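Rule-based calculations on the coordinates, nothing more; no lab input. Just so it is clear, the model here is predicted, and its values are computed rather than measured. Cβ placement follows ideal geometry from the backbone for every residue including glycine, while neighbour counts extend to all protein chains displayed.
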Amino acid sequence: MKHIAEHLFVSLIMFTLLGCGSKPLDKKYHIQTMWYDIRVGSTVKNDSINHELCKLAMADNATKSVKNEDFTYQELIDQGYELLAKTHTEEYADSLREVYSKP
């Protein structure tokens, strides 16, 4: 019994350590954890804009019948910047990316 408990404990520790190594924005989109994952992967400075860019990309994907689950959060954010550049000047989108991408 003690051996099983030790094995479970070691497995739990390894899983936790491996899980902490990945960046939240590199995770695949999941509707139930989206808000949390983006918040954890963002800074206070870019949290709101990352959410908005992700929502912009999600809406665009919905009109094209593209699954958001095929993308990471970072890919959706980048897609949002591209969509923003189509509706505004490219310089505007690039300036936002520069301001909000730096920690």
*asked:* Based on alpha-carbon atoms only, what is the radius of gyration of the stretch 23-101 relative to the globular estimate 2.2 N^0.38 Å?
replied: 1.03
*Can you put D70, D47 in order, fewest other beta carbons within 10 Å first?*
D70, D47
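Using the structure shown, select from K23/K45; K27/K86; K27/K55; K45/K86; K23/K86; K28/K67 the pairs with a Cα to Cα distance greater than 20 angstrom.
Too far apart for the 20 Å limit: K27/K86; K45/K86; K23/K86.
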